[in-house]
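Asks: Before we start, here is the structure in question, set down as structure tokens.
Derivation of every value follows stated rules applied to the coordinates shown; laboratory data play no part. Since we're looking at a predicted model, the values are computed, not measured. When we count neighbours, we look across all protein chains shown, and the Cβ atoms used for this are built from the backbone with ideal geometry, even at glycine.
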Amino acid sequence: MPVEFVYGKVGAPDLYRRGLRPETAHDGHLLVDIEADLVIRDGDRVVLAEKLFPVAELAHALAGWLQRPDGERGDFVFDSMSCAEPGAVRMVESAEGWRAGSVFAPDAWTSPVTWDVLAAEAGRFVAAVREDAAEIGVRPGLIPGL
């Protein structure tokens, strides 16, 4: 697969350290505290590898972006509450197709893919994180379904 979003086991250790629980915590806490190790790959090549990345917040943002109408979508720049700089994950359209990358590795990008390929992989990631968040007790609506 030319572009792939892979993550490790989802957890919320900071949430528990704060004395909160997934069933009762405020959405803002859940979005930033549900984390996993995230890797964005282009085949065998790693474009981004980040430990304890806010995958629920990323999935939430991607779901909103994917649901925008074609003419209103534009590029995706993840503006996380956990990261000082916007663009920890970004997806940009070029004449060759869509590429994924990060401000953390500004020269590393995936190979260009069609919108359908990118949207399918981003949608798969959103659905998987949504399911894993539900397994730790988070209400499914935190991350919108596609």
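Asks: If you line up the long axis of helix 115-135 against the longest principal axis of the chain, both from Cα atoms, how many degrees apart are they, to the nearest 10?
Replies: 10 degrees
Asks: Once the piece of chain linking R139 and V77 is laid out straight, how much longer is it, given 0.36 nm per residue of separation minus the C-alpha distance between them?
Replies: 19.8 nm
Asks: Run through the range 97-146 and list the chymotrypsin sites (Phe, Trp or Tyr not before Pro) located in a DSSP loop whose Cβ has at most 11 other Cβ atoms within 10 Å.
Replies: For chymotrypsin sites (Phe, Trp or Tyr not before Pro) across the range 97-146 that sit outside H, G, I, E and B with at most 11 neighbouring Cβ atoms in 10 Å, the list is empty.
Asks: Relative to the longest principal Cα axis of the chain, at what angle does helix 55-66 sit, 0 to 90 degrees, rounded to 10?
Replies: 50 degrees
Asks: Nearest 20 debye, what's the magnitude of the dipole of the chain about its Cα centre given +1 on Lys and Arg Cβ and -1 on Asp and Glu Cβ?
Replies: 340 debye
Asks: Among G123, G97, G87, whose mean-square fluctuation peaks in a Gaussian network model of the chain (Cα, cutoff 10 Å)?
Replies: Of the options given, G97 has the highest mean-square fluctuation.
Asks: If exposed GluC sites (Glu not before Pro) are those in a DSSP loop with at most 11 other Cβ within 10 Å, what is the longest stretch of the chain that has none?
Replies: 24-95
Asks: Over the C-alpha atoms of the range 41-120, what are the Rg and the largest Cα-to-Cα span, Dmax, in Å?
Replies: 12.4, 34
Asks: Under a Cβ-only charge scheme (Lys and Arg +1, Asp and Glu -1), can you give me the dipole magnitude of the range 79-119 about the Cα centre, in debye to the nearest 20?
Replies: Here the range 79-119 has a charge dipole of around 60 debye.
Asks: Oh, and also: What is the gain in length, in nm to one decimal, between H26 and D70 on full extension, counting 0.36 nm per residue of separation less the C-alpha to C-alpha distance?
Replies: The H26-D70 span can extend by a further 12.7 nm.
Asks: Using every alpha carbon pair in the range 1-53, what percent of pairs falls into each 5 Å bin from 0 up to the bin containing the largest distance?
Replies: In whole percents, the pair-distance histogram is 5, 20, 23, 16, 13, 10, 7, 4, 0.
Asks: Also, quick follow-up: With springs connecting C-alpha atoms under 10 Å apart, model the chain as a Gaussian network and identify which of V89, V46, V77 has the largest mean-square fluctuation.
Replies: V46
Asks: Cα centroid distance between the range 2-44 and the range 129-146, in Å?
Replies: Result: 11 Å between the Cα centres.
Asks: Select from the range 7-77 those chymotrypsin sites (Phe, Trp or Tyr not before Pro) which occupy a DSSP coil region and have at most 12 other Cβ atoms within 10 Å, ordered by residue number. Write down the numbers at each step before the final one.
Replies: Numbers: sites: Y7, Y16, W65, F76; in loops: none.
Counting only loop positions with at most 12 other Cβ atoms within 10 Å, none of the chymotrypsin sites (Phe, Trp or Tyr not before Pro) in the range 7-77 qualifies.
Asks: Starting from the Cα-Cα distance between L52 and V6, subtract it from 0.36 nm times their residue separation and give me the gain in nm to one decimal.
Replies: Once the chain is fully extended between L52 and V6, it gains 15.3 nm.
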